[in-house]
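Visitor: Got a structure for you, questions after.
The values are calculated or read from the model by the stated rules, or taken from the named source; none is laboratory data. These figures come from a predicted structure and were not determined experimentally. We place every Cβ from the backbone using ideal geometry, glycine too, and count neighbours over all the protein chains shown.
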Amino acid sequence: MTTPRTTNRSTTNRTTPATTPGTTGRIRGLLADDPDVGAGTVLTSRLALGLGLDDPLLTFDTPVDEHPAWHALTLRELDRAVRARAAALYGLGVKRRDPVVVYASDAADHVLAFLALARLGAIPALLNPHLDGERAARYIARLGAAGVLADPAHLAALAGHDPGARLLPEIATLGAGDPDAAPEPYRHWSDDPVAITHSSGTTGMPKAVVHSHASLYAAIRHRLRLPRPQGQERMLSALPAPHAATLIAVNLALSSHTQLALLSGQSGAGVLDAIERWQPTGVVGFAATWADLARHDLSARDLASVALWWNTGDCAHETHIRRLIATGSRETVTRAGRTREPGSLFVDGLGSTEMGHSHFFITHGPGTDRYGRCVGRPHAFVDCAVVGPDGEPLGPGEIGELATASPTLALGYWNDSATTFRTRLRGRFLTGDLVYRDKDGYYYHVDRAVDSVELGDGQRLFTAMSEERVLAACPEVVDCTVVAAHDGERVVTDVLLLLADGADPAADRTKDVVAALDEAAAATVRRVLVVSGDDIPLGPTGKVRKVLLRERHHEVAHA
């Protein structure tokens, strides 16, 4: 058995807020009941309450002004940093309704710029740092941005391309602004655009999604009226900083008086190092990060502090969930009182940039067994249905597209009304996810519509569900990608396997893979290939770019 790594748990990193649980509950209740509070005003609303102003709340993995990396900022310190940046931006001529792009690597730059621009009533357009300069310039030009805030690396990436927008001074210089020169906070209305984030870009140019003051806060308001779940006292965010999910996490932390540390990268190794250093009680991230974590020997790492893993975006794979819930520890109540037991909980769901917040939830833990890409039941604020091509609702067990209505939905796509209206049907948003629900009201995700393939005779290939089955059946496989391509009139699939360390790459796993698939999918298997992570093209948020893989494997079929 491997001995867990020892770590230096400094008392500075593990500081606990002085605010009592009763005060925390009061903060949550006051904000939940204030109709004017939204994603653009959480910080100023918290300050106005005058509660917990000197408790540590937000921690960044890079320096912020005079604060070193991993130094927790109190509300007062956070407000000062935000006012300094708001004053600098105001001095640069940024005004209400100006879309301003943020293109940088550090999570601190995205979060602080969002808060500062929201204070001015401007519209922060957060751009993933992994988007290449050429595509970034085309995206910015399509936005019609009023300005671009970037760090040196991304200013260099834009060199030679025309973003059609003014390049503002380097983003790091904003911290030198005079906090006392910041204008009074803009008073947001519920439908005011408060942020532009973008889709994953796995099928091409990312789509610019517009969120409102009310939509980004609707689910938070719902959560504030519920008891704060175990594990949310001290959260580590492994989410991409420019994503809507990060904005929700920041707003939730400020509203619920939760300590939150934000990472600038989402690699498995980096997340594990951060857990050992910062000792969170919960970790929030995307499915891609859990898959990366699963490649590591988790028994060799100190994960004892983690009671909760919280997934959003794409639903997670069973094999990755099971490896995570076998680690950590959680508090349970027995006849003898409260005790801490080995094993953690994993909250899974299904969401997207456009949905604004995961619309479903299910909790996995040691002993639970509802998997098979089950995303749970919808939240109370969601009105959803499974619909056929004609938009008519389908019954239990019938696979169709997810159509949903919720106050969390984004306003639409910036400068793209055609796509906005194309994705709306009978008052609902068509998510592009293929799902079904069972007789008990649980929903299951089988694929993205663009990744599934008609096979004829009423049969269809679902690549995501096929990947789920391969992972569940083949313990040596830590990740799997199923690629469908046309070979003449026939649909063929190549199954790409990423193996655990020590597994034999030369072994023929075709028989096991084919046996794991349903009959229709098994009949299409052309090749089973062992690959490395470098062989799988990823989008800016870590999602597999299957459109590129389909092009590659289509070329192989016709070579």
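Residue-wise test of (1) in contact with a strand residue (DSSP E or B) (Cβ under 7 Å, 6 or more places away or on another chain); (2) crowded, with 21+ Cβ neighbours inside 10 Å.
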| position | (1), (2) |
| --- | --- |
| 449 | yes, no |
| 456 | no, no |
| 461 | yes, yes |
| 467 | yes, yes |
| 470 | yes, yes |
| 473 | no, no |
| 497 | yes, yes |
| 500 | yes, no |
| 507 | no, no |
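Visitor: Looking only at region 268-288, decide whether some residue is under 20 Å from residue 500 (Cβ atoms) and hydroxyl-bearing (Ser, Thr, Tyr).
Guide: no
Visitor: Can you confirm whether residue 403 is assigned to a strand (DSSP E or B) and in contact with a Lys or Arg (Cβ under 6 Å, 6 or more places away or on another chain)? Walk me through how you get there before you give the answer.
Guide: Working: assigned to a strand (DSSP E or B): yes; in contact with a Lys or Arg (Cβ under 6 Å, 6 or more places away or on another chain): yes.
Considered against the rule, which asks whether it is assigned to a strand (DSSP E or B) and in contact with a Lys or Arg (Cβ under 6 Å, 6 or more places away or on another chain), residue 403 comes out as yes.
Visitor: If residue 218 passes every condition in (1) modelled with pLDDT of 95 or more; (2) touching a strand residue (DSSP E or B) at 6+ places or on another chain (Cβ under 6 Å) but one, which one does it miss?
Guide: (2)
Visitor: Among the residues of region 121-144, which ones are assigned to a helix (DSSP H, G or I) and under 16 Å from residue 194 (Cβ atoms)?
Guide: Pass one, region 121-144, residues assigned to a helix (DSSP H, G or I): 133-143.
Answer for region 121-144, where residues must be assigned to a helix (DSSP H, G or I) and under 16 Å from residue 194 (Cβ atoms): just 143.
Visitor: Quick one: which residue in 387, 375 is in contact (Cβ under 8 Å) with a residue 60 or more places away in the chain and in contact with a Leu (Cβ under 9 Å, 6 or more places away or on another chain)? Walk me through how you get there before you give the answer.
Guide: Details: 387 fails: in contact (Cβ under 8 Å) with a residue 60 or more places away in the chain.
Criteria check complete, one pass: 375.
Here's the yes/no breakdown for (1) among the hydroxyl-bearing types (Ser, Thr, Tyr); (2) free of Cβ contacts under 8 Å to residues at least 12 places away in the same chain; (3) in contact with a Phe, Trp or Tyr (Cβ under 6 Å, 6 or more places away or on another chain):
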{"residue": "64", "(1), (2), (3)": "no, no, no"}
{"residue": "71", "(1), (2), (3)": "no, no, no"}
{"residue": "77", "(1), (2), (3)": "no, yes, no"}
{"residue": "87", "(1), (2), (3)": "no, no, no"}
{"residue": "91", "(1), (2), (3)": "no, no, no"}
{"residue": "95", "(1), (2), (3)": "no, no, no"}
{"residue": "103", "(1), (2), (3)": "yes, no, no"}
{"residue": "109", "(1), (2), (3)": "no, no, no"}
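Visitor: Sort out which residues of region 256-304 are touching a His at 6+ places or on another chain (Cβ under 8 Å) and in a helix (DSSP H, G or I), and write them in order of number.
Guide: 268, 269, 272, 287, 290, 291, 293
Visitor: Do we have any residue at all in region 299-310 that's charged (D, E, K, R), over 21 Å from the mean Cα position of the chain (by Cα) and at pLDDT below 95? I'd like the intermediate steps shown before the answer.
Guide: Initially, region 299-310 is screened for residues charged (D, E, K, R), giving 301-302.
Going one step further and asking which of them are over 21 Å from the mean Cα position of the chain (by Cα), we end up with 301-302.
In the following step, the residues that additionally are at pLDDT below 95 were identified as none.
Looking through region 299-310, none of the residues is charged (D, E, K, R), over 21 Å from the mean Cα position of the chain (by Cα) and at pLDDT below 95.
Visitor: Considering only residues that are modelled with pLDDT of 95 or more and of a type in the set (Ser, Thr, Tyr), look in region 257-272 and name the one that is surrounded by the fewest Cβ atoms within 10 Å (Cβ to Cβ).
Guide: 264
Visitor: I'd like the full set of residues that are of a type in the set (A, V, I, L, M, F, W, C) and in a loop (DSSP other than H, G, I, E, B), limited to region 406-423. Reasoning before the result, please.
Guide: From region 406-423, those of a type in the set (A, V, I, L, M, F, W, C) are 409-411, 414, 418, 421; that's our starting set.
If the condition is that a residue be of a type in the set (A, V, I, L, M, F, W, C) and in a loop (DSSP other than H, G, I, E, B), then 409, 410, 411, 414 are the ones that fit.
Visitor: Show the residue pairs meeting these rules: Cβ distance below 7 Å; 6+ apart or different chains; first residue within region 415-430 and surrounded by 15 or more Cβ atoms within 10 Å (Cβ to Cβ); second residue of a type in the set (Val, Ile, Thr).
Guide: 428/404; 429/404; 429/423; 430/423
Visitor: Test of understanding: among 165, 118, 156, which residue is of a type outside the set (Asp, Glu), surrounded by fewer than 24 Cβ atoms within 10 Å (Cβ to Cβ), in contact with a Gly (Cβ under 9 Å, 6 or more places away or on another chain) and not in a loop (DSSP other than H, G, I, E, B)? I'd like the intermediate steps shown before the answer.
Guide: On the way: 165 fails: not in a loop (DSSP other than H, G, I, E, B); 118 fails: surrounded by fewer than 24 Cβ atoms within 10 Å (Cβ to Cβ).
None of the others qualify; the one that does is 156.
Visitor: Within the group 250, 194, which residue is in contact with a His (Cβ under 6 Å, 6 or more places away or on another chain) and buried (at least 21 other Cβ atoms within 10 Å of the Cβ)? Steps first, answer last, please.
Guide: Details: 250 fails: in contact with a His (Cβ under 6 Å, 6 or more places away or on another chain).
After applying the criteria, what remains is 194.
Visitor: Please identify the pairs in which a residue from region 490-510 that is outside the structural domain of residue 319 (by TED's automatic domain parsing) has its Cβ atom under 8 Å from the Cβ atom of a residue that is at pLDDT below 90 and among the charged types (D, E, K, R), counting only partners at least 6 apart or on another chain.
Guide: 496/535; 498/295; 500/295; 501/295
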